[in-house]
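To start, the structure under review is shown below, and the notes come after it.
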Protein chains: 2
Amino acid sequence: MKTIDVSKAVYSFKPAMQAVETAKPGEEITFITADCWNGQICREDQLITDVDFSILNPATGPLYVEGAEPGDTLKVSILDFVLADHGVINIIPGHGTLGNRFTEPTTRILPIVDSKIEFLGLSLPVKPMIGVIGVATTLEDGEISTGTPWKHGGNMDTKDICAGAAIFLPVSQTGAMLAIGDVHALMGDGEVCVTGCEIGARVTVKVDLIKGIHMTWPMLETNTHLMIITSGETLDKAAETASAETVDCLSQHLGISWHEAYMLTSLVVDLKVSQCVDPMKTIRAAIPKNVISINQIFPTRRYV
Amino acid sequence: MKTIDVSKAVYSFKPAMQAVETAKPGEEITFITADCWNGQICREDQLITDVDFSILNPATGPLYVEGAEPGDTLKVSILDFVLADHGVINIIPGHGTLGNRFTEPTTRILPIVDSKIEFLGLSLPVKPMIGVIGVATTLEDGEISTGTPWKHGGNMDTKDICAGAAIFLPVSQTGAMLAIGDVHALMGDGEVCVTGCEIGARVTVKVDLIKGIHMTWPMLETNTHLMIITSGETLDKAAETASAETVDCLSQHLGISWHEAYMLTSLVVDLKVSQCVDPMKTIRAAIPKNVISINQIFPTRRYV
């Protein structure tokens, strides 16, 4: 299987990206990812001021997917994680929901034993997830740091982007240009202190290509839900966008009126906080799959 | 069993409230509740302008709980719902996350057959929940409409306030003064269009009293989680308050530092949107019960 090394990393998604590997639709690829600190923090007594903040959130890639053109959708099925034997969590003054309430940064190294994180005497089962996953951006959106989420994906910090799920990303440039990084061994919705259990990993995915259909924002398919992942300057703005995208999606694909779709959304769709600590905040709208199926949005016949 | 009739309703929570019934700790009581429209909407072609907006969100009660004093906590275990045979859902220009995107109000009557809501050809299983539940407020907070959530409870519109759960409300006045209303047969997190399946109901609860312990905001216990329910002018502000209350709670009751509790919160606590459409927005912080138990916060010995 093709493997993309941790040394092949980008720090922004932009319209023009230089591929480091290529894949055909249907192919499986392993991305070796560094943690959000790019491996710079390995001791609890390390000064956060010694960290080079210009190389945070590395995303391994980009991968050129053959045949992908603007207007298509890249489906990335997340197959498997292999985690490093420890992660790290940090609190940093000025960051997170409570960043203005303390002055001393703190780092904890989190050993992982038998797929459990040992912390404060607790033994917390890991639930690995991808923090950063995205593709080349539109000319209009331009260059976006890997620390920021937007329509191309990026730092969505959404814990449902885990093994067994598939994410559908809008292709804006030839080859799509997929990059992946910032794995968390564990994180709660909100990522309130600005870090989860940050960890290096090997992430294996399968890429598929859907021709001529394109959503504005990423969509995630889990066992039970379809989730539209939107971001905005505030949670409230992200919630508005998530609502609007959901109503439009249900109206279009279920053949119901906008008014009916707005009511249906209020009844059955959950707005969920992904993270509220990055430069843009992220909300995902979770639509139960018994209301709409993924094939109604991305029909099987459109796959290559 | 004591029953409080739908005619005994309040439209605000305030420091001085006149009880309509009394109960002892340990007693079960049935509250008969009107829907959020106070039953004023019974046809789909009814004009929303004909509705008397001064009598919305009636809360049945208040119930005087014997022995309850400021500084105590009222535990309300939610035992059972009996729903009316239909509900109603409405969209209203200016309301909900997308209130500025349409001009025509719309009403749908939602028949309920075999515990399922018939809507748009879908058959949606009911999941009854309480929208409004609260107690008399502090002098500082003063009078608060039943349409608004705050520290006393109120219009929290939190779908986990359902059968099998228990809510812990801070007592601010003698007798606590519990009132309940605004049942929804079904609602998604966010309540994006400003209404769920609004419905009249019979709600049976059990009240218990915990002496001399008092949280600032309501706490909910479900099968799996403890949830601190906070509100603010924006989702972001509510998320900050939910984070702060959670970190303080974990630090105090687990005997860990504030810094450690902030990291633990980021790892295991989910910030969840309850609603983003009322005068104050509501976020609940869901703490897994394998991290902290309800007895660590409200010890059994404190119950009367």
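The values are calculated or read from the model by the stated rules, or taken from the named source; none is laboratory data. Here the structure is a predicted model, which is why all the values come from computation and not from measurement. Virtual Cβ from ideal backbone geometry, glycine too; neighbours counted across all protein chains shown. Heads up: the accessible areas ignore ligands, DNA and RNA and are worked out on the full protein's heavy atoms, side chains in. Shrake-Rupley method; radii C 1.70, N 1.55, O 1.52, S 1.80 Å.
Taking the criterion of being closer than 18 Å to residue A:7 by Cα, touching a residue at least 24 places away in the same chain (Cβ under 8 Å) and out of contact with any strand residue (DSSP E or B) (no Cβ under 6 Å at 6 or more places or on another chain), the residues of segment A:49-107 that qualify are A:54, A:55, A:56, A:84. Restricting attention to segment B:115-143, which residues are within 16 Å of residue B:189 (Cβ to Cβ) and open to solvent by 10 Å² or more (accessible area, probe 1.4 Å)? Answer for segment B:115-143, where residues must be within 16 Å of residue B:189 (Cβ to Cβ) and open to solvent by 10 Å² or more (accessible area, probe 1.4 Å): B:124, B:127, B:128.
Looking at (1) under 15 Å from residue B:273 (Cβ atoms); (2) open to solvent by less than 10 Å² (accessible area, probe 1.4 Å), which one does residue B:180 not meet, given that it meets all the others? All conditions pass for residue B:180, except number (1). Annotation: of all residues in segment A:270-289 being more than 8 Å from every other protein chain (Cβ to nearest Cβ) and β-branched (Val, Ile, Thr), the one that is most open to solvent (accessible area, probe 1.4 Å) is A:277.
Checking the stated criteria, residue A:204 turns out not to satisfy the condition of being closer than 21 Å to residue A:226 by Cβ and polar (S, T, N, Q). Screening residue B:108 against (1) loosely packed, with under 14 Cβ neighbours inside 10 Å; (2) in a strand (DSSP E or B) leaves a single unmet condition, (1). Among the residues of segment B:239-269, write down those that are outside any helix (DSSP H, G or I) and open to solvent by 40 Å² or more (accessible area, probe 1.4 Å). Those that are outside any helix (DSSP H, G or I) and open to solvent by 40 Å² or more (accessible area, probe 1.4 Å): B:255, B:257. Looking across B:210, B:292, B:297, one residue alone is surrounded by fewer than 23 Cβ atoms within 10 Å (Cβ to Cβ), among the hydrophobic types (A, V, I, L, M, F, W, C), closer than 15 Å to residue B:76 by Cα and over 15 Å from the mean Cα position of the chain (by Cα). It is B:210. What do you reckon, is residue B:132 of a type outside the set (Phe, Trp, Tyr), more than 14 Å from chain A (Cβ to nearest Cβ) and part of a strand (DSSP E or B)? In short, yes. Within segment A:150-177, restricting attention to residues that are open to solvent by 10 Å² or more (accessible area, probe 1.4 Å) and of a type in the set (D, E, K, R), the residue that is nearest to the other protein chains (Cβ to nearest Cβ) is A:159. With respect to (1) within 14 Å of chain B (Cβ to nearest Cβ); (2) assigned to a loop (DSSP other than H, G, I, E, B); (3) free of Cβ contacts under 8 Å to residues at least 12 places away in the same chain, the lone exception for residue A:123 is condition (2). Using the structure shown, decide if residue B:277 is in a strand (DSSP E or B) and either on the phi > 0 side of the Ramachandran plot or under 18 Å from the mean Cα position of the chain (by Cα) (or both). For residue B:277, the condition - in a strand (DSSP E or B) and either on the phi > 0 side of the Ramachandran plot or under 18 Å from the mean Cα position of the chain (by Cα) (or both) - is not met. Among the residues of segment A:211-227, those identified as part of a strand (DSSP E or B) and either within 14 Å of chain B (Cβ to nearest Cβ) or in contact with a Leu (Cβ under 8 Å, 6 or more places away or on another chain) (or both) are A:219, A:220, A:225, A:226, A:227.
Residue B:203 meets the conditions (1) buried (at least 24 other Cβ atoms within 10 Å of the Cβ); (2) free of Cβ contacts under 8 Å to residues at least 12 places away in the same chain in every case but one. The failed one is (2).
Residue under question is residue A:287, and the condition is that it be touching a helix residue (DSSP H, G or I) at 6+ places or on another chain (Cβ under 9 Å), assigned to a loop (DSSP other than H, G, I, E, B), aliphatic (A, V, I, L, M) and over 28 Å from residue A:91 (Cβ atoms); does it hold? When the stated conditions are applied, residue A:287 does not pass them. Meeting the requirement of 3 or more residues that are over 13 Å from residue B:280 (Cβ atoms), the strands (runs of 3 or more DSSP E) wholly within segment B:136-186 are B:166-170, B:176-184.
Only strands (runs of 3 or more DSSP E) whose full extent lies in segment A:1-88 are considered here, and the ones with at least 1 residues that are within 30 Å of residue A:125 (Cβ to Cβ) and among the aliphatic types (A, V, I, L, M) are A:2-4, A:28-33, A:59-65, A:73-83. Quick check: is even one residue across segment A:155-173 at pLDDT 95 or above, more than 15 Å from the chain's Cα centre (by Cα) and within 19 Å of residue A:28 (Cα to Cα)? Among the residues of segment A:155-173, at least one is at pLDDT 95 or above, more than 15 Å from the chain's Cα centre (by Cα) and within 19 Å of residue A:28 (Cα to Cα), which makes the answer yes. In segment B:17-41, what residues are surrounded by 17 or more Cβ atoms within 10 Å (Cβ to Cβ) and in contact with a Ser or Thr (Cβ under 8 Å, 6 or more places away or on another chain)? Those that are surrounded by 17 or more Cβ atoms within 10 Å (Cβ to Cβ) and in contact with a Ser or Thr (Cβ under 8 Å, 6 or more places away or on another chain): B:29, B:30, B:31, B:32, B:33, B:34, B:36, B:41.
Evaluate the following for residue B:292: is it closer than 29 Å to residue B:81 by Cβ and away from every other protein chain (no Cβ under 11 Å)? Against the criterion (closer than 29 Å to residue B:81 by Cβ and away from every other protein chain (no Cβ under 11 Å)), residue B:292 does not qualify. Among the residues of segment B:186-200, are any away from chain A (no Cβ under 14 Å) and modelled with pLDDT of 95 or more? Yes, that holds for at least one residue. Is it true that some residue in segment B:253-261 is within 14 Å of another protein chain (Cβ to nearest Cβ), closer than 21 Å to residue A:233 by Cα and out of contact with any strand residue (DSSP E or B) (no Cβ under 6 Å at 6 or more places or on another chain)? The answer is no; no qualifying residue exists.
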